[in-house]
Every structure is written in structure tokens, then in C-alpha cells.
1. Return the pairs, sorted by first residue and then second, in which the second residue is open to solvent by less than 10 Å² (accessible area, probe 1.4 Å) and part of a loop (DSSP other than H, G, I, E, B), the first residue lies in segment A:296-319 and is more than 17 Å from A:LEU35 (Cβ to Cβ) and of a type in the set (S, T, N, Q), the beta carbons are less than 6 Å apart, and the residues are 6+ apart or on different chains.
2. Within 14 Å of another protein chain (Cβ to nearest Cβ) and more than 21 Å from B:ARG47 (Cα to Cα) - does that describe any residue in segment B:215-228?
3. If you go through segment B:266-282 one residue at a time, do you hit one that is away from every other protein chain (no Cβ under 14 Å), at pLDDT 95 or above and either in contact with a Leu (Cβ under 7 Å, 6 or more places away or on another chain) or open to solvent by less than 10 Å² (accessible area, probe 1.4 Å) (or both)?
4. B:GLU38 passes all but one of (1) under 27 Å from B:LYS115 (Cα atoms); (2) free of Cβ contacts under 8 Å to residues at least 40 places away in the same chain; (3) at the interface with chain A (Cβ under 8 Å from one of its Cβ atoms); which number fails?
5. Scan segment B:51-68 and tell me whether some residue there is within 21 Å of the chain's Cα centre (by Cα), of a type outside the set (S, T, N, Q) and in a strand (DSSP E or B).
6. Checking A:VAL242 against (1) farther than 20 Å from A:GLY189 by Cβ; (2) outside any strand (DSSP E or B); (3) modelled with pLDDT of 95 or more, which test does it fail?
7. Looking at the structure I just gave you, is B:ARG31 within 11 Å of another protein chain (Cβ to nearest Cβ), open to solvent by 40 Å² or more (accessible area, probe 1.4 Å) and in contact with an Asp or Glu (Cβ under 8 Å, 6 or more places away or on another chain)?
8. State whether one or more residues within segment B:101-111 are part of a loop (DSSP other than H, G, I, E, B), out of contact with any strand residue (DSSP E or B) (no Cβ under 7 Å at 6 or more places or on another chain), assigned by TED's automatic domain parsing to the domain that holds B:ALA289 and open to solvent by 50 Å² or more (accessible area, probe 1.4 Å).
2 protein chains.
Amino acid sequence: MDLLSPGLEPPPITRFDIEEAAERIREHVRRTPVLSLERNAFGVPGRMSLKLELLQHTGSFKARGAFSRMLSAELDDSGVLAPSGGNFGLAVAHAARVLGQRAEIFVPSTASPVKIEAIRATGAEVHVVPGYYADAYAACEERAFDTGAVFLHPYDQPAVVAGQGTIAMELGEQLQGIDTVLVPVGGGGLIGGVAAWFAGEVRVVGVEPEACPTLHAALAAGEPVDVEVGGIAADSLGARRVGELGFAIARRFVERAVLVSDETIAWAQRRLWEECRILAEPGGVASLAALLRGAYRPGPDEHVVCIISGGNTDPAQVA
Amino acid sequence: MDLLSPGLEPPPITRFDIEEAAERIREHVRRTPVLSLERNAFGVPGRMSLKLELLQHTGSFKARGAFSRMLSAELDDSGVLAPSGGNFGLAVAHAARVLGQRAEIFVPSTASPVKIEAIRATGAEVHVVPGYYADAYAACEERAFDTGAVFLHPYDQPAVVAGQGTIAMELGEQLQGIDTVLVPVGGGGLIGGVAAWFAGEVRVVGVEPEACPTLHAALAAGEPVDVEVGGIAADSLGARRVGELGFAIARRFVERAVLVSDETIAWAQRRLWEECRILAEPGGVASLAALLRGAYRPGPDEHVVCIISGGNTDPAQVA
């Protein structure tokens, strides 16, 4: 760790923040298990372990950040607001129900009707905003200004990033000798938390769909930049721009961001079901996809962990 | 443990046999993870953990028994034979490929075409025998007599039962303070191995579909008896008669066998997907089904483990 090296700003999230988040959320999240595979599983050299975060409450890691943020905020009767048509919306709605808070979720009209219905089913108030995520985000911010409710950002608030980082803290407890962690990247909350925890002690590599290259583009440009997003995993990894927090951490502690095609993601999804009976969403298997066709090539003795980050998909589409 | 109590025959399988089996199969099977759930998960009192054995090679616990049996047999060029239209056939075909042995699998013509094709895809020779499992079994025995190949029984051979018992040995290493283990029962190989390991130290309860009540009927009759089998889980739990080994162990170390309806099994399958993103086969969730509608009612502080024993199902049917 070079936390105190001269000339570098301290990272915006530290291990201490993540330990505090872990303490806050302990009784509300699942300690998700790890499946360690046989050597050369999937025909990939080395040793592979899968962190099964799709088994988390609401089917993705987003529950960690949602609880972490809500439990560190001062909440009153106005409750919380969040813009999301997907996993973060589900997680916030769930956390609000568990904690007895009001929640309003702003979803773009282009979001999946199934996810909108699932959010509504938890008891949250759902506002369907015509347009895309940016439109839902703007409406949500305006509403926060009007009501005083607490605004929960899907990936660019310290307590959210620290909450996602608890996955890495668990991994460190569950496995010895990790060389590399492959992390699916959307807005950068998960990889920010993971990289902040490992802080250079373990290689952290981001994986993005070619159709949603936010971190890849930001690392190339030297700052977060807008990108076009689309493709098979856009519902979970389709942020248009990586967060400031995630980028600041990634620039320091993430080795690189690799890209995978939609077709490779779909193939990884099928292979994971065939070999392990794990049914993940497209964004959730981006990490594995990077290994299957060589976007990331481990050494013969390297121990690589793939975070399987979510399972909110229609099983029939994988079958 | 009352292994040496006067008046009781020693159990046919002991912890020592299971430890030996574990040593034999170590490098060929996965140590499947455990998901420990929050208190009152699924609205059930107490503490629940799920042993995710569906993540095993070939999607079920049968791989343990198949490797255990093959690695304790003296094999020659004749290879191995097994009667099964389902999970055991898949497991034997897989083990034979890994160990470089010939395998012939005798499947009844009534077996699922998907499973038959999956067995064939591993490279095993598949004989489709007109009729039901009993017909395939008879043809397989005859072939063993003719060829000298090693006959692998799906559940009623010591090395098979000891192999399945390694699940319980793992559980004992993975979890502290288990009160009760709920085990899906077909021919009794799994529950025989699990009960032999715990040997009365942990409550072991069998769970069967109402439509496949082999152990329930045997315990009532005082000996294995033929039953009619059918229903949603018949492809994995549809043995017509519990094995002699499993019965001898169960009579001594299994508290009882409870029954669940097909409708409850299907409901448990859906609920497990909704709450945990785990997609199991009907026979694989019988254990959980017993908790959901009270076929087994745990106490308020009881720690119950459900073995989720297989995942060889069509995801589209759960969706």
C-alpha cells in the first residue's frame, strides 16, 4: 500500500471506511459464499474462484451499498430517493422496507417492465419518468430538492462505495492467496470499493462490455467522460460515465479495464449454467467472460477470483 | 453415538469409510459452498443454511458416489456399467471420462430425452432400454454378467453411500452448531451417507415427495418395500424401493421421513429462485419444501441445514 506516498492524494475511500460499512450492514446482508473450482476449469489456466454475490438480497451486490448509505444518513419522514431502473432501485426499495423508511424510486420509461414491477412490489413508490436514465436522475434530484428526502446515488457516494467494498473484505476472509480479482464495471461503485480495500495488494482488473466502456474510456482520457451505452448488459452496467469516486480509486489501484463482447458475455452465461448450475445476469458474468476468451489471461499458477455480481435475469433466456 | 451398544448391529457405513471416500475423491469433486441465511428467512423460524450441492460437477451430489465407487473398484478394459436415466448416469459418465474408463449407461426409454442426450454427450455408450428403470436395471445386470464390467449401483453399494456421506463431513467442517439436516430421499444413498456420518449427533430428517415415499413406506413397514412412484421429482427421487444400506442406516440414525406435495415442491423451487437466485431441480428442493409449509417445523433457535441436492432442470420451467 502506498497510502502515504508523497505526491498522491489519499484515496477517497479507505479500509477503515469499509470496515465501518461492514459493521453497519452486518445484520442486513448475506455473507455470500465462494465456489472454488478445479484447476483449469472452463479450460482456463490456473485456479479460479467465484464470489457468488448474485445470492445477495435482491439478487445483486447493490444491497450492500444501499444499506450502507441509508444507515449512515440522517433520515426523517421524507425517506429516501433513488434514480434507477434496475438493481440499485431494487436494493434501495428492499432496504427501505427492512428499515421502515419511505422510498421513491425514479425509473426511466425505457427500463424493463419486469424490474419496474419488482421494485413496486416491495412497497416503494415508483415514478416512471419519460426517457432514459439521465431523465430519471434529473427528476429524482429535483424531487430531493423539493422534499428534503435523502438522495441515494447508485455509485458515486462514499457510503455506497464503502458498502460495495465489503465484498472484498469478505473475500479476504474467505480465501487465501488471491492474485487477481476481476470485477464487472458499470458506474464504478463496485470496483471502487474492491480496489480501495485491496489497495494494490491484489491485482484488480475491471471488465466492461464493449458496448458500455465507461472505465476504459475514462482511464484512456485521464478523467471520466461520457460514452454511448447499449448491448446485452446495459440494464446493469449501462452507466454513461464512471463515477468520480470510482475513477479516483481505479486510477490508483486498478491495473486496467478490459472489454468483452456481448456474444462472449452470453456464452459465459450459458457456460456458467452448464458447468456450475449458476444462473447469472449478463452484467454479472462479465468477469468470467473476460477469462473465457482471453480478454484477461492468467498465468499457470495464478488464483483469479471472478465476482459474479448479479442474478436478476429471466431464466428462460439462458435456457 | 451408540455404535457399540449391545443388541445393535454395527452400521454398514462408518465415519471411517466416509473419511476414506473423501480422501479418494478429493481432487475430483467440488467442495460445495454453504449459504447461511438471515433469521426467519422464507418466514421460517430459526436459522437456515443451504448446502449448495447443486453446484457439484454434473449438477448433483451423485458425482461423489460415482467417483468413490469407481476409485475403489478394480477396473479393467471392460470399464463400468450403470443403470440410470438421470443424475447418476450423468455422474458416472462424467467420472468415467475424467478417469479414462469406458462407461455404458442403461437408460429406460421413458427417461428425459434431454438427460439421455447429456449422458451421451460426455462420451459414454448409452443403451436405451424399452420400459422403465427396472427394465434398464435388469439389462444392465445382464450385461455386467456377460462382460465382467464393474456394475455401479445408483445408491445401494457401500462405496457409493460413503461417497455421498462426504457431504456431511464437509458440512461439519463448514458450519458450527447444526441441529438438524433435511435430506431429499430417493433410493436412500444420500441420506444413508449423511446419517452414517452424523450417527445420531445431529438430527437427520428425510424428505420425500408424497408421490415417491420409499423411505417413509419402509420405515412404516420395518423393511424396504416397493412403492408406486411418480410426480414432479420422479426423475431424481423416483426409486421404487429404498436401498438395503440406506434403510439399515436410516432405521438407526434418521429421526423420520416427512412427505411434501408436488405443489409445495414447485413452490419451493420458485421461492428459492426469487429469494436467493438459486435454480434447483424439483428433487433438489424437497428439503426446503419441507420447511416452507410445515412438514418439518423447527424450533425458534434451531439451526436447520437443507441439502439442495441437484440443479438438473430446465430453467425455463422455473421462470
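The values are calculated or read from the model by the stated rules, or taken from the named source; none is laboratory data. Just so it is clear, the structure is predicted and the values come from calculations on it, not from any experiment. As a convention, Cβ positions derive from the backbone with ideal geometry for all residues, glycine included, and neighbour counts pool all protein chains shown. Note: accessible area is taken over every heavy atom of the protein model, side chains too, but ligands, DNA and RNA are not part of it. Shrake-Rupley method; radii C 1.70, N 1.55, O 1.52, S 1.80 Å.
1. A:ASN312/A:GLU281; A:THR313/A:GLU281
2. no
3. Checked segment B:266-282: at least one residue is away from every other protein chain (no Cβ under 14 Å), at pLDDT 95 or above and either in contact with a Leu (Cβ under 7 Å, 6 or more places away or on another chain) or open to solvent by less than 10 Å² (accessible area, probe 1.4 Å) (or both).
4. If we test B:GLU38 against (1) under 27 Å from B:LYS115 (Cα atoms); (2) free of Cβ contacts under 8 Å to residues at least 40 places away in the same chain; (3) at the interface with chain A (Cβ under 8 Å from one of its Cβ atoms), just (1) comes out false.
5. Yes, because at least one residue in segment B:51-68 is within 21 Å of the chain's Cα centre (by Cα), of a type outside the set (S, T, N, Q) and in a strand (DSSP E or B).
6. (1)
7. The answer is yes for B:ARG31.
8. no
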